[in-house]
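The values are calculated or read from the model by the stated rules, or taken from the named source; none is laboratory data. Not measured: the values here are computed from a predicted model. Neighbour counts are summed over all protein chains in view; Cβ atoms, including those assigned to glycine, are modelled from backbone coordinates with ideal geometry.
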Amino acid sequence: MSRVKTCKIDLETTYPCPCRKRGQLCPIVLTDAFGCGQCHQIFVVRADGYVLEQLSSIYPYQQLWYWTGKDWLLVRRPLHQNGFAWLVGSLAALFLLMLSLPIVFHIPFDRRVMVWMLLTIFIALMLSFMVWLTIYRQH
Ligand SMILES: [Zn+2]
């Protein structure tokens, strides 16, 4: 994580919304939360007062931001690495499955079977990469 100055989030101030709709984050009275008039998302300030967290996120995990005084800085959590580890793990499992299939079904290991297996693995790899890239691009 780069050393960027982060400011404490003031619950009495309006901020620009981290969404890309140029919304305004307005404090919600009596809560540690902000609401956006454009994207209608609720953002809560974490206990330390420095991190803004998106509630009811459509993503499988919550997005977090730091306030730099001018702009929101998306907190780069090691989730991409987790996603990548998950991807590598599932590919390894797939690879093992592909290798074990001919043994399980007593298919002789000839060149044609190998080509089909490699092609299947390649397609699976490309699909997984595309999914991963789509997730990554949302940040
Ligand atoms: Zn918004």
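Odds and ends about this structure:
- Selection within region 15-54 - in a loop (DSSP other than H, G, I, E, B), more than 12 Å from the ligand (Cβ to nearest atom) and without any contact (Cβ under 8 Å) to a residue 40 or more places away in the chain: 29, 30, 31, 32, 46, 47, 48
For (1) modelled with pLDDT of 75 or more; (2) assigned by TED's automatic domain parsing to the domain that holds residue 63; (3) over 32 Å from the mean Cα position of the chain (by Cα); (4) closer than 30 Å to residue 62 by Cα, each residue gets a yes or a no:
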| position | (1), (2), (3), (4) |
| --- | --- |
| 83 | no, no, no, yes |
| 92 | yes, no, no, yes |
| 95 | yes, no, no, no |
| 103 | no, no, yes, no |
| 107 | no, no, yes, no |
| 129 | yes, no, no, yes |
